[in-house]
Amino acid sequence: MPIKPIAAASALIALTLTTGCATEPNGLPHMGGPDNFGEANRQTMLAQVIDPDPVYSTGIPETNADHAAQAVERYRTDKVKKPERPRTTNVGTSGGGGGSSGGQN
């Protein structure tokens with residue numbers, strides 16, 4: 001089956017255009033070269049590094065060593081203060097009137 005000249009020319013143009021996207025102006029592959037190798041690994045490693053001199057917008061809250069020691073002692077002797085259970089609803093409380101007229105006329 002013979003190849004038509006127009007089809008061959010359009011395939012050559014398409015191949016040239018797609019390979020042009022794969023290289024940078026200096027001729028290196030887009031993600032290749034020694035400067036880009038392992039960049040994802042480096043970024044992941046840098047995300048795990050702790051800032052040695054952090055700056056916080058709020059100050060460190062005050063603490064009380066005696067209060068903390070008492071809490072630890074209660075924990076060790078199994079006498080922990082039970083926190084109050086938070087209430088999310090007000091089931092069972094009266095909420096006010098309605099539109100009924102309960103009186104005599």
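The values are calculated or read from the model by the stated rules, or taken from the named source; none is laboratory data. Since this is a predicted model, take the numbers as computed values, not measurements. Every residue, glycine as well, gets a Cβ built from its backbone with ideal geometry; the counts of neighbours run over all protein chains shown.
Here is a check on your reading of the model: is P2 modelled with pLDDT under 75 and either surrounded by 10 or more Cβ atoms within 10 Å (Cβ to Cβ) or out of contact with any Phe, Trp or Tyr (no Cβ under 6 Å at 6 or more places or on another chain) (or both)? Quick ask: steps written out before the conclusion?
On the way: modelled with pLDDT under 75: yes; either surrounded by 10 or more Cβ atoms within 10 Å (Cβ to Cβ) or out of contact with any Phe, Trp or Tyr (no Cβ under 6 Å at 6 or more places or on another chain) (or both): yes.
So P2 passes the test.
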Conditions first: (1) of a type in the set (S, T, Y); (2) modelled with pLDDT of 65 or more; (3) within 35 Å of the chain's Cα centre (by Cα). T23 passes all but one, so which condition is the exception?
(2)
